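Read the structure below first, then the notes.
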(Lines give C-alpha, C1' and ligand atoms only; values in the text may rest on other atoms or scores of the structure.)
Protein backbone atom coordinates (compact mmCIF):
# COMPACT_ATOMS: atom_id res chain seq x y z
CA UNK A 1 0.00 0.00 0.00
CA UNK A 2 1.44 3.35 -1.01
CA UNK A 3 2.29 5.84 1.69
CA UNK A 4 -0.51 8.38 0.97
CA UNK A 5 -3.15 5.62 0.79
CA UNK A 6 -1.75 4.04 3.94
CA UNK A 7 -2.75 7.08 5.98
CA UNK A 8 -6.16 7.77 4.44
CA UNK A 9 -8.04 6.01 7.29
CA UNK A 10 -7.00 8.91 9.53
CA UNK A 11 -9.83 10.80 7.82
CA UNK A 12 -12.25 8.97 10.11
CA UNK A 13 -10.45 10.15 13.24
CA UNK A 14 -10.24 13.70 11.93
CA UNK A 15 -13.93 13.61 10.98
CA UNK A 16 -14.86 12.51 14.51
CA UNK A 17 -12.79 15.33 16.03
CA UNK A 18 -14.27 17.99 13.73
CA UNK A 19 -17.84 16.78 14.25
CA UNK A 20 -17.35 16.51 18.03
CA UNK A 21 -16.23 20.15 18.11
CA UNK A 22 -19.74 21.16 17.04
CA UNK A 23 -20.91 20.19 20.52
CA UNK A 24 -17.97 21.69 22.40
CA UNK A 25 -17.31 25.15 20.95
CA UNK A 26 -20.71 26.47 22.07
CA UNK A 27 -23.46 25.02 24.27
CA UNK A 28 -26.00 22.80 22.46
CA UNK A 29 -28.72 24.77 20.62
CA UNK A 30 -32.32 24.86 21.87
CA UNK A 31 -34.28 21.71 21.00
CA UNK A 32 -37.18 21.67 18.55
CA UNK A 33 -40.17 23.51 19.98
CA UNK A 34 -38.15 25.54 22.48
CA UNK A 35 -39.53 28.96 23.51
CA UNK A 36 -38.86 31.66 20.92
CA UNK A 37 -37.16 33.93 23.46
CA UNK A 38 -34.65 31.22 24.37
CA UNK A 39 -33.86 30.64 20.68
CA UNK A 40 -33.25 34.31 19.89
CA UNK A 41 -31.12 34.78 23.01
CA UNK A 42 -29.04 31.67 22.27
CA UNK A 43 -28.18 32.58 18.68
CA UNK A 44 -27.48 36.21 19.52
CA UNK A 45 -25.20 35.29 22.42
CA UNK A 46 -23.14 32.56 20.71
CA UNK A 47 -22.86 33.97 17.20
CA UNK A 48 -19.08 33.65 16.68
CA UNK A 49 -18.88 30.20 18.20
CA UNK A 50 -21.78 28.94 16.10
CA UNK A 51 -20.23 30.24 12.89
CA UNK A 52 -17.06 28.36 13.81
CA UNK A 53 -19.12 25.24 14.47
CA UNK A 54 -20.70 25.49 11.02
CA UNK A 55 -17.23 25.39 9.48
CA UNK A 56 -16.18 22.42 11.63
CA UNK A 57 -19.39 20.58 10.73
CA UNK A 58 -18.85 21.09 7.00
CA UNK A 59 -15.23 19.95 7.13
CA UNK A 60 -16.06 16.98 9.35
CA UNK A 61 -18.83 15.67 7.15
CA UNK A 62 -16.60 15.84 4.05
CA UNK A 63 -13.96 13.85 5.93
CA UNK A 64 -16.66 11.28 6.75
CA UNK A 65 -17.25 10.74 3.03
CA UNK A 66 -13.51 10.31 2.46
CA UNK A 67 -13.38 7.75 5.26
CA UNK A 68 -16.35 5.85 3.80
CA UNK A 69 -14.54 5.68 0.46
CA UNK A 70 -11.41 4.42 2.28
CA UNK A 71 -13.47 1.70 3.98
CA UNK A 72 -14.93 0.68 0.63
CA UNK A 73 -11.46 0.57 -0.94
CA UNK A 74 -10.40 -1.72 1.91
CA UNK A 75 -13.36 -4.13 1.83
CA UNK A 76 -14.45 -3.86 -1.84
CA UNK A 77 -17.95 -5.35 -1.62
CA UNK A 78 -21.42 -4.19 -2.58
CA UNK A 79 -22.13 -3.66 1.10
CA UNK A 80 -19.17 -1.32 1.51
CA UNK A 81 -20.33 0.59 -1.58
CA UNK A 82 -23.75 0.97 0.08
CA UNK A 83 -22.00 2.41 3.14
CA UNK A 84 -20.14 4.88 0.92
CA UNK A 85 -23.36 6.00 -0.79
CA UNK A 86 -25.08 6.33 2.60
CA UNK A 87 -22.22 8.53 3.86
CA UNK A 88 -22.73 10.80 0.85
CA UNK A 89 -26.44 11.09 1.72
CA UNK A 90 -25.54 11.87 5.35
CA UNK A 91 -23.26 14.62 4.08
CA UNK A 92 -25.96 16.13 1.86
CA UNK A 93 -28.54 16.19 4.66
CA UNK A 94 -26.02 17.55 7.18
CA UNK A 95 -25.04 20.40 4.89
CA UNK A 96 -28.71 21.44 4.76
CA UNK A 97 -28.70 21.47 8.55
CA UNK A 98 -25.48 23.53 8.58
CA UNK A 99 -27.01 26.05 6.18
CA UNK A 100 -30.07 26.52 8.43
CA UNK A 101 -27.82 26.69 11.49
CA UNK A 102 -25.55 29.30 9.92
CA UNK A 103 -28.49 31.36 8.67
CA UNK A 104 -29.58 31.69 12.30
CA UNK A 105 -26.12 32.57 13.56
CA UNK A 106 -25.51 35.06 10.76
CA UNK A 107 -28.02 37.71 11.88
CA UNK A 108 -27.16 39.44 15.19
CA UNK A 109 -30.85 39.88 16.09
CA UNK A 110 -32.94 37.29 14.20
CA UNK A 111 -36.67 37.85 13.79
CA UNK A 112 -38.33 35.63 16.44
CA UNK A 113 -40.66 33.52 14.29
CA UNK A 114 -38.04 33.07 11.58
CA UNK A 115 -35.54 32.02 14.24
CA UNK A 116 -37.99 29.49 15.71
CA UNK A 117 -38.72 27.94 12.30
CA UNK A 118 -35.05 27.71 11.34
CA UNK A 119 -34.15 26.25 14.71
CA UNK A 120 -36.85 23.58 14.34
CA UNK A 121 -35.64 22.92 10.79
CA UNK A 122 -32.04 22.37 11.86
CA UNK A 123 -33.16 20.20 14.81
CA UNK A 124 -35.30 17.91 12.66
CA UNK A 125 -32.68 17.83 9.89
CA UNK A 126 -30.24 16.55 12.52
CA UNK A 127 -32.89 14.00 13.46
CA UNK A 128 -33.42 12.93 9.83
CA UNK A 129 -29.70 12.17 9.38
CA UNK A 130 -30.30 9.09 11.54
CA UNK A 131 -31.95 7.38 8.53
CA UNK A 132 -28.94 7.45 6.17
CA UNK A 133 -26.68 7.02 9.21
CA UNK A 134 -28.51 3.78 9.97
CA UNK A 135 -27.78 2.62 6.42
CA UNK A 136 -24.13 3.70 6.68
CA UNK A 137 -23.50 1.90 9.96
CA UNK A 138 -25.59 -1.15 9.06
CA UNK A 139 -23.92 -1.59 5.68
CA UNK A 140 -20.47 -1.03 7.18
CA UNK A 141 -21.22 -3.61 9.87
CA UNK A 142 -22.38 -6.18 7.33
CA UNK A 143 -19.39 -5.50 5.06
CA UNK A 144 -16.95 -5.98 7.93
CA UNK A 145 -18.63 -9.14 9.22
CA UNK A 146 -18.94 -10.74 5.78
CA UNK A 147 -15.50 -9.82 4.41
CA UNK A 148 -13.45 -10.47 7.56
CA UNK A 149 -11.09 -7.71 6.37
CA UNK A 150 -11.34 -6.06 9.79
CA UNK A 151 -11.89 -7.42 13.31
CA UNK A 152 -15.34 -8.84 13.95
CA UNK A 153 -15.88 -6.64 17.01
CA UNK A 154 -15.84 -3.56 14.75
CA UNK A 155 -18.81 -4.96 12.83
CA UNK A 156 -20.68 -5.70 16.05
CA UNK A 157 -19.92 -2.20 17.38
CA UNK A 158 -21.29 -0.71 14.15
CA UNK A 159 -24.50 -2.73 14.63
CA UNK A 160 -24.89 -1.32 18.17
CA UNK A 161 -24.39 2.23 16.87
CA UNK A 162 -26.93 1.51 14.09
CA UNK A 163 -29.46 0.31 16.68
CA UNK A 164 -29.08 3.58 18.59
CA UNK A 165 -30.04 5.47 15.44
CA UNK A 166 -33.37 3.62 15.50
CA UNK A 167 -33.87 4.28 19.22
CA UNK A 168 -33.45 8.02 18.56
CA UNK A 169 -36.57 8.00 16.38
CA UNK A 170 -38.60 8.36 19.57
CA UNK A 171 -37.79 12.07 19.26
CA UNK A 172 -40.18 12.37 16.31
CA UNK A 173 -43.09 11.86 18.71
CA UNK A 174 -41.87 13.67 21.82
CA UNK A 175 -42.85 17.21 22.91
CA UNK A 176 -40.15 19.80 23.66
CA UNK A 177 -37.86 18.46 26.38
CA UNK A 178 -34.97 16.07 26.97
CA UNK A 179 -36.30 13.55 24.44
CA UNK A 180 -37.19 16.04 21.68
CA UNK A 181 -35.44 16.29 18.32
CA UNK A 182 -31.90 17.50 18.88
CA UNK A 183 -31.89 16.39 22.53
CA UNK A 184 -30.55 13.30 24.34
CA UNK A 185 -31.61 10.48 21.95
CA UNK A 186 -30.03 12.25 18.97
CA UNK A 187 -26.91 13.14 20.96
CA UNK A 188 -26.38 9.52 22.07
CA UNK A 189 -26.97 8.23 18.53
CA UNK A 190 -24.54 10.76 17.10
CA UNK A 191 -21.98 10.06 19.82
CA UNK A 192 -22.11 6.32 19.17
CA UNK A 193 -21.35 6.92 15.49
CA UNK A 194 -18.37 9.12 16.40
CA UNK A 195 -17.04 6.49 18.82
CA UNK A 196 -17.27 3.79 16.16
CA UNK A 197 -15.63 6.09 13.63
CA UNK A 198 -12.64 6.62 15.93
CA UNK A 199 -12.33 2.88 16.66
CA UNK A 200 -12.57 1.89 13.00
CA UNK A 201 -10.13 4.58 11.89
CA UNK A 202 -7.49 3.61 14.46
CA UNK A 203 -7.91 -0.10 13.68
CA UNK A 204 -7.48 0.48 9.95
CA UNK A 205 -4.36 2.52 10.63
CA UNK A 206 -2.94 -0.14 12.95
CA UNK A 207 -3.82 -3.01 10.57
CA UNK A 208 -3.13 -1.79 7.03
CA UNK A 209 -4.30 -3.93 4.14
CA UNK A 210 -1.53 -5.99 2.61
CA UNK A 211 -1.01 -5.55 -1.11
CA UNK A 212 -0.56 -8.53 -3.41
CA UNK A 213 3.24 -8.20 -3.58
CA UNK A 214 3.54 -8.20 0.21
CA UNK A 215 1.26 -11.22 0.47
CA UNK A 216 3.37 -13.14 -2.05
CA UNK A 217 6.60 -12.30 -0.23
CA UNK A 218 5.16 -13.43 3.09
CA UNK A 219 3.91 -16.62 1.49
CA UNK A 220 7.40 -17.53 0.24
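Are any residues in the range 146-160 at pLDDT below 95 and crowded, with 17+ Cβ neighbours inside 10 Å, and if so, which ones?
Selection gives 149, 150.
Within the range 103-111, can one find any residue that is surrounded by 22 or more Cβ atoms within 10 Å (Cβ to Cβ) and in contact with a helix residue (DSSP H, G or I) (Cβ under 7 Å, 6 or more places away or on another chain)?
Applying the first criterion (surrounded by 22 or more Cβ atoms within 10 Å (Cβ to Cβ)) to the range 103-111 yields 104-105.
From what's left, in contact with a helix residue (DSSP H, G or I) (Cβ under 7 Å, 6 or more places away or on another chain): 104-105.
Yes, because at least one residue in the range 103-111 is surrounded by 22 or more Cβ atoms within 10 Å (Cβ to Cβ) and in contact with a helix residue (DSSP H, G or I) (Cβ under 7 Å, 6 or more places away or on another chain).
Kindly indicate whether any position in the range 165-178 is modelled with pLDDT of 85 or more and buried (at least 16 other Cβ atoms within 10 Å of the Cβ).
Within the range 165-178, the subset modelled with pLDDT of 85 or more is 165-166.
Applying the additional criterion that residues be buried (at least 16 other Cβ atoms within 10 Å of the Cβ) yields 165.
Yes - at least one qualifying residue is present in the range 165-178.
Being under 21 Å from the mean Cα position of the chain (by Cα) and in contact (Cβ under 8 Å) with a residue 40 or more places away in the chain is the filter here; which residues of the range 106-124 pass it?
119, 120, 122, 123, 124
When you go through 195, 189, 215 one by one, which is the residue that is at pLDDT 90 or above and assigned to a helix (DSSP H, G or I)?
Working: 189 fails: at pLDDT 90 or above; 215 fails: at pLDDT 90 or above.
Among 195, 189, 215, only 195 is at pLDDT 90 or above and assigned to a helix (DSSP H, G or I).
The values are calculated or read from the model by the stated rules, or taken from the named source; none is laboratory data. In this text the structure is predicted, and so the values were computed from the model without any measurement. Quick reminder, even Gly has a Cβ in these numbers, built from the backbone with ideal geometry, and neighbours come from all protein chains shown.
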